[in-house]
Amino acid sequence: HETGKGFPQSLKNAAKLCSRAARYKAVFALVGHRLTLENGDKKKPSALSARLLELAQQYRDLAEKGNADAAILLARMYSSGTGEKWDRKKAVRWYEKAMDRGDVSGIIGVANHLSGGISDGHVIYDNELDYPRALEYYREAAEMGSAIAMFRLGYLYKTGQGAPANPAEAAKWFERAM
């Protein structure tokens, strides 16, 4: 319903179906529900805000039960200030919970915060950065097969952040990322 492929396009119906699926604790339906709300209901920001708060609570409930996907989604809400007030410490805490469960997105989320490599428009101050730890986490995620982590690992070696600059090591990781 959201895109109009196979059904008449109706953001209202898409939100309704995703909301129904969300009640059954389907995490990926919650992702779709979040996107529909963010992109489809611009005329009613107060209704949107209320729905995003409800969605954040659903993510939190699932994450507290051990669901790494929900922890990632909640961390992203805190990282971007979408549905929850921007809060770097809470974002990192939820990324760490996912990382502790072996989730590669959690590992990358923590590394992004440690290296300042986030794109949510918020400033990460120098005293909060820890490039050597970020390098370790990116390496762990790269060894799990993450191309994003491979690229970021290459970038840290290229720029000498977290380890001495090493163009050969940077090229190796950039090549692996492709």
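Every number here is computed from the coordinates shown, using simple stated rules; none is lab data. Note that the structure is a prediction, hence the values are computed from the model and not measured. Because the Cβ atoms are built from the backbone with ideal geometry, glycine has one as well, and the counts that use them run over all protein chains shown.
Assign one of three labels to segment 55-119, namely rounded, prolate or oblate, based on the Cα gyration tensor with a ≥ b ≥ c the square roots of its eigenvalues; rounded applies when a/c is under 1.5, prolate when it is not and a/b is larger than b/c, and oblate otherwise.
Because a/c hits 1.5 or more and a/b fails to exceed b/c, segment 55-119 counts as oblate.
Within the set of other residues whose C-beta is less than 15 Å from the C-beta of PHE174, count the net charge using Lys and Arg as +1 and Asp and Glu as -1.
+3
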